[in-house]
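To start, I am sharing the structure in question, which I have written as structure tokens.
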Amino acid sequence: MLITLISVITQFGVSVNYNMADYLPEDAPSTNAMDLMEEEFDSGVENARVMLEDVTVQEALEYKAELEAIDGVSEVTWLDDAIDIKAPLEMADQDTVETYYLDQNALLSLHIRDGDEVAITNEIYTLIGKENALAGEAVDTAVSQEMAGSESAYAALLLVPIIIIILVLSTNSWMEPVFFLTAIGVSVLINLGTNIFLGEVSFVTQSVAPILQLAVSLDYAIFLLHSFSDFRNKGEAPTSAMRLAMKQSFPAIAASASTTFFGFMALTFMNFEIGADLGVNLVKGIVLSFISVMIFLPALTLTFYKWIDKTKHKPLVPTFKNIGRRVMKFRIPSIILVFLILIPAFLAQSNTSFIYGTGEHPEDMRVGQDERAIEQVFGKSTPLVLLVPKGNVAKEEELIQELENVDHVSSVLAYVNTVSAAIPSEYLDESITESFYSDNYARIILNTTTDSEGERAFALIEKVERMAEELYGDDIYALGESVTLNDMKDTVEKDNIVVNILTIVAIALVLLVTFRSISMPIVLLLTIQSAVWINLSVPYFMDTSLVYVGYLIVSTVQLAATVDYAILLTEAYKENRKEMSAMKAIKKTIDEKIFSILISASILSSVGFILAWTSTNPIVSSIGLLLGRGALLAFILVVFFLPAMLVVFDKVINVTTWKANFYKEKG
């Protein structure tokens, strides 16, 4: 309790990182480009846009001056930076004019300082009022920061009562759920507090890890206290009952914790470090939950077990009789159905279209409304910055002319076409040249009409980089949101193969040791992996895009978290099979264990769906939806498909399991 109290205090010292780009590998091209620009230039890449409705040129210039005066706002760019606005606008290139000023609407680009997005965007909102619009990468970050805390609290407020109801239905005492939640709640708080040693965590970890830890490790506490209750019902004294319960439940808890531990450990091998950030947190959480259940919970229970006795009640849910008999009637259809949909599901989940950023915001939020308002008037606009070696004005002019003719490039800002190629930069004041030239590099800013990601956006990046390389060689750098997302795509696609193989191999080894069998791990992994593939194929058949980070994390987490259901059922079947025939053993096992599996699956599923409903962040919401649906699918396959496989391949399992000692019918 002392460590918990300290952790409650220290968790407020853990900073949360909302910038996905920070989790790219250090050798990623966009990371190198960003580091170089920070060394060479004082100002950053445009990360926000402001649209002013129904304004004159003079009014737009006044707003521009006021925006420049806000601390943390830099690089405010508008029409006056692209053309000479003292001349009549009708005389200027209309494509350039309409990029910045169209139908009395002005579109300004600016850079908001990293780390202060919430305060600065609030100041901008105050300046521009409700009638004008603000959107961009920095605004997305500010929204994520503002919503994360309140959404986590809202999710917890919904989740805890639901878990308590589920646990009350599964126990015979009103106080037992309190013991479960206290044991795991303590480990969750210690996990949050010990993040102080990591310095900071990602917003994905902050939003997902505590709730996921609670859902995944609650089973450990349930295993122990149910076993304790069974031994007390047999007449054992409390201390003796707990000693026996710890001994009996240790293998099941250790196996359950090990599969989850190694599954989460696989995330730490991701090059995209948001996986490592979440993986380390969840691994730490599983270890702390295991320690809490095996050390803290027995002490807590023996101190206050009389509270459990005093609050006993009759079972609220009727016992599951003859469920096994009904389930086994569908054994052949279950196997046929799963094998029929397995290959289409595998192919579909391999061909799902992905989003690598955060996607669009809901229309009921101001940020979503502002994004659409700007797009309706000016269309899509994604900035792209090129850094090329300084010194060759002729090359720079040639590159600018080529870039201006590229499809989806609406405007190009550089020294040679904004100031003049004829005027040497050394003769001008630094305030005029600093946006375009550093000591070693020239900066070229492109406004593109593509989305921040997708085939068109990524193809445009490759084309622009290729054009610059033809003139300058390899010493060119590209940066911007779309460049970062392109790097993210390349990184996580490689991660996917590594993480999935590591997860499957690690869990297979744990199952091999647990069951001392070659065939059982294959049957169990096939069951849970089938549920994963079916789950991840749904977006393909519904023709919706999936947030890739959510896909990558859930493909690991679902396998690691729901394989426990299969272990619980198979462990019980193995014991029953020593005393009776395969069919009788599986029917008895289903009758005994379906309720426990249902409780675990309903808790994990509730966690997932509540995350999906309460989070406005597409990454967190996507993880929640996949997790909720995945837990339900795993439950269905463990109850219908796994028993059918165990019975059908009973002879193979008997031969390939060390000291199986299966019951043999006489005669």
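Just going by the charge dipole of region 514-634, with Lys and Arg at +1 and Asp and Glu at -1 on Cβ, which of Leu625, Ala612, Ala561 is farthest out on the positive end?
Ala561
What angle do you read, to the nearest 10 degrees and between 0 and 90, between the alpha-carbon axis of helix 519-541 and the longest principal axis of the chain?
40 degrees
Let me ask another. If you take the beta carbon distance between Lys321 and Glu455 as r and set R0 to 51 Å, what does 1/(1 + (r/R0)^6) give as a FRET efficiency, to the nearest 0.05? Intermediate values should be presented prior to the final figure.
On the way: r = 56 Å, r/R0 = 1.10.
It comes to 0.35.
Further question: With each label point set 7 Å from Cα along the Cα-Cβ vector, what nm distance links Ile332 and Trp658?
Going from the Ile332 label point to the Trp658 one covers 3.7 nm.
Debye sum, Cα scatterers, region 438-488, no solvent: what log₁₀ I/I(0) at q = 0.15, 0.18, 0.25 1/Å?
-0.42, -0.60, -1.04
Now, a different point. Please give every one of the lysines within straight-line cross-link reach of Lys86, meaning a C-alpha to C-alpha distance under 17 Å, and leave out same-chain neighbours fewer than 8 residues apart.
Lys64
With axes computed from alpha carbons, what is the tilt in degrees of helix 57-68 against the longest principal axis of the chain, rounded to the nearest 10 within 0 to 90?
In the chain, helix 57-68 runs at an angle near 50 degrees to the longest axis.
Provide, in order from the shortest bin, the percent of all Cα-Cα pairs of region 102-178 in each 5 Å bin, continuing until the bin that contains the maximum pair distance.
Answer for region 102-178: a P(r) of 3, 12, 15, 14, 10, 8, 7, 6, 7, 7, 5, 3, 1, 1, 0 percent.
If I model a spin label at Ala69 and Val419 as a point 7 Å from the Cα along the Cα→Cβ vector, what separation in nanometres do I get?
Placing both labels 7 Å along Cα→Cβ, they lie 2.7 nm apart.
Please work out the Cα center distance from region 565-637 to region 420-477, rounded to the nearest Å.
That distance is 54 Å.
Moving to a separate point now. How much length, in nm to one decimal, is gained on full extension between Asp84 and Arg113, taken as 0.36 nm per residue of separation minus their Cα-Cα distance?
Contour length minus Cα-Cα distance gives 7.6 nm.
Percent relative contact order of region 490-585, based on C-alpha pairs within less than 8 angstrom and at least six residues apart?
31 percent
Still on this structure, I have one more. If you average over every viewing direction, what projected area does the convex hull of the Cα atoms of region 171-316 give, in nm²? Please list the in-between numbers first.
Numbers: hull surface 36.6 nm².
For region 171-316, averaging the hull's shadow over all directions gives 9.2 nm².
Students often get this wrong, so check it: of Lys584/Lys664; Lys247/Lys312; Lys588/Lys664, which have C-alpha atoms separated by over 20 Å?
Lys247/Lys312
While we're here: Please list, ordered by chain and number, the residues whose modelled amide H lies under 5 Å from the amide H of Ala442; skip anything fewer than 5 residues away on the same chain.
Val388, Lys390
Right, another one. Given a cut-off of under 8 Å on Cα pairs at least six residues apart, what relative contact order in percent is computed for the chain?
Answer for the chain is 19 percent.
Charges at C-beta only: +1 for Lys and Arg, -1 for Asp and Glu. How large is the resulting dipole of the chain about its Cα centre, in Debye rounded to 20?
Rounded to the nearest 20 debye, it is 8620 debye.
Taking the dipole about the Cα centre of the chain, with the C-beta of Lys and Arg at +1 and of Asp and Glu at -1, give me whichever of Leu598, Gly185, Thr10 is farthest to the positive side.
Leu598
To the nearest 0.05, what FRET efficiency results for Glu575 and Gln369 with a Förster distance of 60 Å applied to their C-beta separation?
Details: r = 60 Å, r/R0 = 0.99.
Given R0 = 60 Å and the Cβ-Cβ separation, E is 0.50.
Further question on the same structure: Neighbour counts of other C-beta atoms within 10 Å: give me Lys390, Lys329 arranged from fewest to most.
Working: Lys390 18, Lys329 9.
Ranking Lys390, Lys329 by Cβ neighbours within 10 Å, fewest first, gives Lys329, Lys390.
Can you give the local net charge around Ile274? Use residues other than it whose beta-carbon is closer than 11 angstrom to its beta-carbon, Lys and Arg +1, Asp and Glu -1. Don't jump to the answer; show the numbers that get you there.
Working: positive: none; negative: Asp22, Glu273, Asp277, Asp495.
Local charge sum for Ile274: -4.
Here is a follow-up. Where does helix 117-128 land angle-wise versus the long Cα axis of the chain, in degrees 0 to 90, nearest 10?
That works out to roughly 50 degrees.
To the nearest 20 debye, what is the magnitude of the charge dipole of region 1-136 about its Cα centre, counting +1 on the Cβ of each Lys and Arg and -1 on the Cβ of each Asp and Glu?
In debye, rounded to 20, region 1-136 gives about 660.
Give or take rounding to whole Å, what are the principal axis extents of the alpha carbon atoms in region 1-118, in descending order?
So the three principal-axis extents are 73, 33, 21 Å.
Next question, about the same structure. Amide H to amide H under 5 Å from Leu546: which residues, 5+ apart in sequence or cross-chain, H placed 1.01 Å off N in plane?
Under 5 Å from the amide H of Leu546 lie the amide H atoms of Ser353, Phe354, Ile355, each far enough along the sequence or on another chain.
Quick one: what are the phi-derived ³J(HN,Hα) couplings along region 275-291, Karplus 6.51/-1.76/1.60 with θ = phi - 60°, whole Hz, x for glycine and proline?
Per-residue couplings from phi come out as x, 5, 4, 6, x, 4, 5, 6, 4, 4, x, 5, 4, 5, 5, 4, 5 Hz.
Which residues' amide hydrogens lie under 5 Å from the amide hydrogen of Met580, considering only partners 5 or more residues apart or on another chain, with H built in the peptide plane?
Here the answer is Tyr663, since their amide H atoms fall under 5 Å of that of Met580.
Based on DSSP H runs of at least 4 residues, each adding -39500 (n - 2.57), what is the mean residue ellipticity at 222 nm of the chain after dividing by all its residues, to the nearest 500 deg cm²/dmol?
Here the helix-only value at 222 nm equals -22000 deg cm²/dmol.
Hey, another quick one. Please list, in order along region 21-33, the HN-Hα scalar couplings obtained from phi with the Karplus expression 6.51 cos²θ - 1.76 cosθ + 1.60 (θ = phi - 60°), rounded to whole Hz, x for Gly and Pro.
Karplus values, whole Hz, x for Gly and Pro: 4, 5, 9, 6, x, 5, 8, 5, x, 5, 5, 4, 5.
Efficiency by 1/(1 + (r/R0)^6): what FRET value for Glu402 and Glu62, r their Cβ-Cβ distance, R0 = 30 Å, to the nearest 0.05? Intermediate results must be reported in sequence, preceding the final value.
Numbers: r = 36 Å, r/R0 = 1.21.
Once the sixth-power term is evaluated, E becomes 0.25.
What nm distance separates the two modelled labels at Leu342 and Asp54, each placed 7 Å from Cα along Cα→Cβ?
6.5 nm
Scan [x] 3, 14, 22, 21, 15, 11, 8, 5, 2, 0, 0; [y] 3, 16, 26, 26, 18, 9, 3, 0, 0; [z] 2, 11, 14, 15, 15, 13, 10, 7, 5, 4, 3, 1, 0 for the value of P(r) over Cα pairs in 10 Å bins from 0, in percent calculated from this model and give just the label.
[x]
Each value in this text was obtained by applying a stated rule to the coordinates, not by laboratory testing. Note that the structure is a prediction, hence the values are computed from the model and not measured. Positions of Cβ are backbone-derived with ideal geometry, glycine not excepted, and every protein chain shown enters the neighbour counts.
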